[in-house]
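Asks: Sending over a structure as structure tokens; questions will come in a sec.
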Amino acid sequence: MSTMARDDDTGFEPRPGRSRPRSDGRKPVSFLQRVTREVTRAGGDPRRIGVAKGASKRGRFNARGRGRKAVATFPRQSGWSRPEGGMRFRARRVFVKARVVKLRGSKSKAAYAHLRYLQRDSAALDGERGRLYSANLDQADGPAFLGRGQDDCHQFRLIVAPEDGTELGDLRDFTRQLIVQMEHDLDTRLDWVAVDHHNTGHPHSHVVIRGMTDDGKVLNIAGDYIAHGIRHRASEIATLELGPQSEWEVQQKLGREVEQDRFTRLDKAILQEVNDQGLVDLRIGEEQSYLGRANRALLIGRLKRLERMGLAREEAPARWSLSGRLEKTLRELGERGDIIKTMHRAMTEQGLRRDPQGYVIHRSADRQPPTVGRVVGKGLAGDELTGRLHLVIDGMDGRVHYAEVTEVAGDEITVGSIVEVGRAEAPARPADRNIIELARDNGGIYEPAIHLRTARNSMRLPDGNYEGYVEAHVRRLEALRRAGIVERLDDGNWRIPQDFEDRARGYDTGRSKQLGVRVLSFIDLDAQVTANAATWLDRELVAETLVTFRDSGFGREASEALARRRKWLIAQGLAGETDAGFVTRRDMLATLARREIEETGKKLARQHGLHFRMVESGERISGTYRQSVQLVSGKYALVERSHEFTLVPCRPVIEKALGRQVSGLVRGSGISWELGRKRGLGTGM
């Protein structure tokens, strides 16, 4: 017996096996899932299972972040209270979204763009442009704020939306009180700016906080404080301002969620009611949770709505089964509904009316041909924290299109611009640039042996695998050979065409599924009719295949503008009418572009005190790339040499050469840039 006891104390080792299939064929439910479900049904938070009181989860913004001590003091019980009168009351709800944004590299430019878009038109309470404010200023200086944080590692972006924001009115005092409380919790003064938006039906504040403490240290905020603390403090302030909401008010708000086509609090409660059999059982009984009993009528009403949507089915009286795609479908419907509202609002602001059945939301580049249209709306996309912009485009096909681009890419696009939505243009590959440089120095022939020798002499690879490095370039060429872009010679070398880079990028673009928006014109149709420049209308007139103009909406406007442009070109002697119809001069686009370049060059010469010189085809230019100049005819690079400068077509390959020496050979209306070989060939593919 003693041996048995000793064995029980020291030798017992449980070895649980896999959960066996249930007798009814349903998926087995693990012990942890059952515990989590019961904790939820009892009104607890399953995320706190295994977390000691006052303890924080691990992670950079938890274990070492500020605010974790404050979160530990927050009550974990229900937010309901019951004064002596018997009626139950609840704190005001405030929705908070937060994001930590890194600012290194190109992200800094995006931060400037983000702050500009926060101050968009009609965002203020009086319908005027959104006003940036801070702790002490009602008109804060955005560039100065970002200038102070140009060396910060990150910044914090918040959206604070009180559920009863319309009752609060001006949100400035509310936001300032919240920041003061946050400073107390985080034990540091915060450098911040904010903008209030009142044009969406749900008043909210955008707050941008520098990632730096008042003593110059990096500001790390605990994840629990970001997730729960800010919302808790905001709720306290809103409740103090408006008073607690009664149980009747809460029921009224929940009642409005019954028919909504989005994921709601009722849906969340329904998912928590799923039992071990995978059913939502709303029969009155002891097994039913308090939330299920208190909101039974609302939950049944919501389930009937979900049943009509094909997301639920009543298997027996008061018992429903749910679709496995319920939450995903409802969230997608909610997102689509928000996008449709955004599109409708943009069209209404421009005084345009289109059939909502013709609204198109672009997610990725599909097999449909590119869409051309005019931008009628622009703003922050999604939850307005993602660093993306949305564009609402009145298409020439009679439909209204919605597309998203990065803040940096969409920064130059304005309302009224003519754009094309289609496949995103692929960036130039470093491997392609390496191939071009080696072929240029070898009579247009790329030799892997020369590349291997050059790589060993001019660069250092971490793994020392120079053969594999060169082989990667050869595999790239083999793929381009199958596309008919390069030619493989019998001796294992490759013949590289002069337009190799453009054709290689075109090949990558054709294979990409990423959505892109390309600007066709920065000026509207009326300005293009009489512009002394090569416009989008001109390029359409000489194109082999014209864009289809629908006889309604923007399509009709573009068709009428095209007719007026023809008359202007005839008056300028750049086109004429013959028996065969309208005919343009072969050099029409070049002549118009040259006129604009000469006019712009003279203006810049007066500004910079330099002499402007036009370049001719076949001429080689060299100098310092000073800036890019966006013209109607296209984007041009200002290249300065000695006491003069010139304007030549700008291409992405020289964007990183700003302030450095560049050279190139002018070929007609284009240019072949020669940036010079670097000390080591690029390693990216």
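Asks: From the list Ala222, Ala234, Ala269, Ala238, which one is in contact with a helix residue (DSSP H, G or I) (Cβ under 9 Å, 6 or more places away or on another chain) and without any contact (Cβ under 8 Å) to a residue 60 or more places away in the chain?
Replies: Unique residue meeting the criteria: Ala269.
Asks: Among the residues of segment 410-418, are any under 30 Å from Phe554 (Cα atoms) and of a type in the set (Ser, Thr, Tyr)?
Replies: Residues of segment 410-418 under 30 Å from Phe554 (Cα atoms): 410-418.
Next, from what is left, pick out any that are of a type in the set (Ser, Thr, Tyr): 414, 417.
Looking through segment 410-418, at least one residue is under 30 Å from Phe554 (Cα atoms) and of a type in the set (Ser, Thr, Tyr).
Yes or no, residue by residue, for (1) among the aliphatic types (A, V, I, L, M); (2) over 27 Å from the mean Cα position of the chain (by Cα); (3) surrounded by 16 or more Cβ atoms within 10 Å (Cβ to Cβ); (4) assigned by TED's automatic domain parsing to the domain that holds Phe95:
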site	(1), (2), (3), (4)
Asp185	no, yes, yes, yes
Ala194	yes, no, yes, yes
Gly216	no, yes, no, yes
Ile221	yes, no, yes, yes
Lys253	no, yes, no, no
Asp267	no, yes, yes, no
Arg283	no, yes, no, no
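Asks: Let me ask something additional. Given segment 472-554, what helices (runs of 4 or more DSSP H) lie entirely inside it while holding 1 or more residues that are touching an Asp or Glu at 6+ places or on another chain (Cβ under 7 Å)?
Replies: Where helices (runs of 4 or more DSSP H) fall fully within segment 472-554 and carry at least 1 residues being touching an Asp or Glu at 6+ places or on another chain (Cβ under 7 Å), they are 500-511, 525-529.
Asks: Quickly run through segment 187-205 and pick out the residues that are out of contact with any helix residue (DSSP H, G or I) (no Cβ under 7 Å at 6 or more places or on another chain) and at pLDDT 90 or above.
Replies: Asp187, Thr188
Asks: Say whether the condition of being among the charged types (D, E, K, R) and assigned to a helix (DSSP H, G or I) is met by at least one residue in segment 571-587. Please lay out each step first, then the result.
Replies: Residues of segment 571-587 among the charged types (D, E, K, R): 577, 579, 585-587.
Now narrow it down to the ones that are assigned to a helix (DSSP H, G or I): none.
Checked against the condition, which is being among the charged types (D, E, K, R) and assigned to a helix (DSSP H, G or I), segment 571-587 yields no hits at all.
Asks: Separate question: List, please: which pairs have Cβ atoms under 6 Å, are six or more places apart or on different chains, and start with a residue in segment 544-562 that is in contact (Cβ under 8 Å) with a residue 12 or more places away in the chain and end with one that is assigned to a helix (DSSP H, G or I) and polar (S, T, N, Q)?
Replies: Short answer, once both residue conditions are applied: Phe549/Ser559.
Asks: For the condition surrounded by fewer than 17 Cβ atoms within 10 Å (Cβ to Cβ), touching a residue at least 60 places away in the same chain (Cβ under 8 Å) and part of a loop (DSSP other than H, G, I, E, B), what is the one hit in Leu352, Leu333? Outline the logic, then answer.
Replies: Working: Leu333 fails: part of a loop (DSSP other than H, G, I, E, B).
Step by step, each of Leu352, Leu333 is checked, and only Leu352 is surrounded by fewer than 17 Cβ atoms within 10 Å (Cβ to Cβ), touching a residue at least 60 places away in the same chain (Cβ under 8 Å) and part of a loop (DSSP other than H, G, I, E, B).
Asks: Out of everything in segment 448-494 that is under 21 Å from Arg505 (Cα atoms) and of a type in the set (Gly, Ala, Ser), what residue ends up being surrounded by the fewest Cβ atoms within 10 Å (Cβ to Cβ)?
Replies: Gly484
Asks: Cβ contacts < 8 Å: first residue exposed (fewer than 15 other Cβ atoms within 10 Å of the Cβ), restricted to segment 637-648; second residue aromatic (Phe, Trp, Tyr) and part of a strand (DSSP E or B), any location; separation 6+ or different chain. Result?
Replies: Glu644/Phe612
Asks: Sticking with this one: With the requirement that a residue be part of a strand (DSSP E or B) and buried (at least 17 other Cβ atoms within 10 Å of the Cβ), what does segment 307-330 give you?
Replies: So the first thing to find is which residues in segment 307-330 are part of a strand (DSSP E or B), and the list is 312-316, 319-322.
Residues satisfying the conditions are Ala312, Trp320, Leu322.
Asks: Same structure again: Run Ala135 past the list (1) surrounded by fewer than 17 Cβ atoms within 10 Å (Cβ to Cβ); (2) at pLDDT below 90; (3) in contact with a Lys or Arg (Cβ under 8 Å, 6 or more places away or on another chain) and report the number of the one that doesn't hold.
Replies: Of everything listed in (1) surrounded by fewer than 17 Cβ atoms within 10 Å (Cβ to Cβ); (2) at pLDDT below 90; (3) in contact with a Lys or Arg (Cβ under 8 Å, 6 or more places away or on another chain), Ala135 misses just condition (2).
Asks: Just one of the numbered conditions (1) over 28 Å from Arg90 (Cβ atoms); (2) part of a loop (DSSP other than H, G, I, E, B) is not true of Arg157; which one?
Replies: The one condition Arg157 does not meet is (2).
Asks: Looking for something in a strand (DSSP E or B) and under 30 Å from Gln357 (Cα atoms) - is there at least one such residue anywhere in segment 405-417? Talk me through it step by step, then tell me what you get.
Replies: First, pick out the residues of segment 405-417 that are in a strand (DSSP E or B): 405-406.
Checking which are under 30 Å from Gln357 (Cα atoms) leaves us with 405-406.
Looking for residues that are in a strand (DSSP E or B) and under 30 Å from Gln357 (Cα atoms), one finds at least one in segment 405-417, hence yes.
Asks: Starting from residues that are modelled with pLDDT under 70 and outside any helix (DSSP H, G or I), keep the ones in segment 286-306 and report whichever is surrounded by the fewest Cβ atoms within 10 Å (Cβ to Cβ).
Replies: Glu286
Asks: Out of the residues in segment 495-518 that are at pLDDT below 90 and of a type in the set (A, V, I, L, M), which is surrounded by the fewest Cβ atoms within 10 Å (Cβ to Cβ)?
Replies: Among those that are at pLDDT below 90 and of a type in the set (A, V, I, L, M), it is Leu515.
Asks: Now, a different point. Could you tell me which of the residues Val405, Val392, Val400 is in contact with a Ser or Thr (Cβ under 9 Å, 6 or more places away or on another chain), β-branched (Val, Ile, Thr), closer than 30 Å to Ser205 by Cα and surrounded by 15 or more Cβ atoms within 10 Å (Cβ to Cβ)?
Replies: So the residue among Val405, Val392, Val400 that is in contact with a Ser or Thr (Cβ under 9 Å, 6 or more places away or on another chain), β-branched (Val, Ile, Thr), closer than 30 Å to Ser205 by Cα and surrounded by 15 or more Cβ atoms within 10 Å (Cβ to Cβ) is Val392.
Asks: How many residues does segment 587-625 contain that are exposed (fewer than 13 other Cβ atoms within 10 Å of the Cβ), in contact with an Asp or Glu (Cβ under 7 Å, 6 or more places away or on another chain) and closer than 20 Å to Ser669 by Cβ?
Replies: 1
Asks: Then there's this: Is it the case, given these coordinates, that Ala403 is within 19 Å of Gly506 (Cβ to Cβ) and within 38 Å of the chain's Cα centre (by Cα)?
Replies: no
Asks: If you take the residues of segment 138-153 that are within 22 Å of Val96 (Cβ to Cβ) and buried (at least 19 other Cβ atoms within 10 Å of the Cβ), which of them is modelled with the highest pLDDT?
Replies: The selected residue is Phe145.
Listed here are the residues, each with its yes/no results for (1) acidic (Asp, Glu); (2) at pLDDT 95 or above; (3) more than 43 Å from the chain's Cα centre (by Cα).
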{"position": "Gly553", "(1), (2), (3)": "no, no, no"}
{"position": "Glu557", "(1), (2), (3)": "yes, no, no"}
{"position": "Arg566", "(1), (2), (3)": "no, no, no"}
{"position": "Thr578", "(1), (2), (3)": "no, no, yes"}
{"position": "Arg586", "(1), (2), (3)": "no, no, no"}
{"position": "Ala590", "(1), (2), (3)": "no, no, no"}
{"position": "Arg594", "(1), (2), (3)": "no, no, no"}
{"position": "Glu598", "(1), (2), (3)": "yes, no, no"}
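Asks: So Ile445 clears everything in (1) among the β-branched types (Val, Ile, Thr); (2) under 26 Å from Ala504 (Cβ atoms); (3) in contact with a Phe, Trp or Tyr (Cβ under 9 Å, 6 or more places away or on another chain); (4) assigned by TED's automatic domain parsing to the domain that holds Arg353 except one condition, right? Which one?
Replies: Result: Ile445 passes all but (4).
Asks: Test Ala431 against the criterion of being surrounded by 15 or more Cβ atoms within 10 Å (Cβ to Cβ), under 38 Å from the mean Cα position of the chain (by Cα) and assigned to a strand (DSSP E or B), and give yes or no.
Replies: No; evaluated as a whole, the condition is false for this residue.
Asks: Moving on to the next point. Consider segment 132-154. How many of its residues are more than 16 Å from Val218 (Cα to Cα), of a type in the set (D, E, K, R) and within 23 Å of the chain's Cα centre (by Cα)?
Replies: 0
Asks: May I pose another question? Considering segment 228-243 alone, what residues qualify as being aliphatic (A, V, I, L, M) and crowded, with 16+ Cβ neighbours inside 10 Å?
Replies: Ile230, Ala234, Ile237, Ala238 - these are the residues of segment 228-243 that are aliphatic (A, V, I, L, M) and crowded, with 16+ Cβ neighbours inside 10 Å.
Asks: Does segment 359-391 hold any residues that are at pLDDT below 85, in a loop (DSSP other than H, G, I, E, B) and not aliphatic (A, V, I, L, M), and which are they?
Replies: Arg363, Ser364, Asp366, Arg367, Gln368, Pro369, Pro370, Gly382, Asp383, Glu384, Thr386, Gly387
Asks: Across segment 250-266, what is the total count of residues that are part of a helix (DSSP H, G or I) and without any contact (Cβ under 8 Å) to a residue 12 or more places away in the chain?
Replies: Residues that pass the stated criteria total 2.
The values are calculated or read from the model by the stated rules, or taken from the named source; none is laboratory data. It should be emphasised that the depicted structure is a prediction, and the values quoted were computed from it without experimental measurement. Glycine gets a Cβ as well: all are built from the backbone with ideal geometry, and neighbour counts include every protein chain shown.
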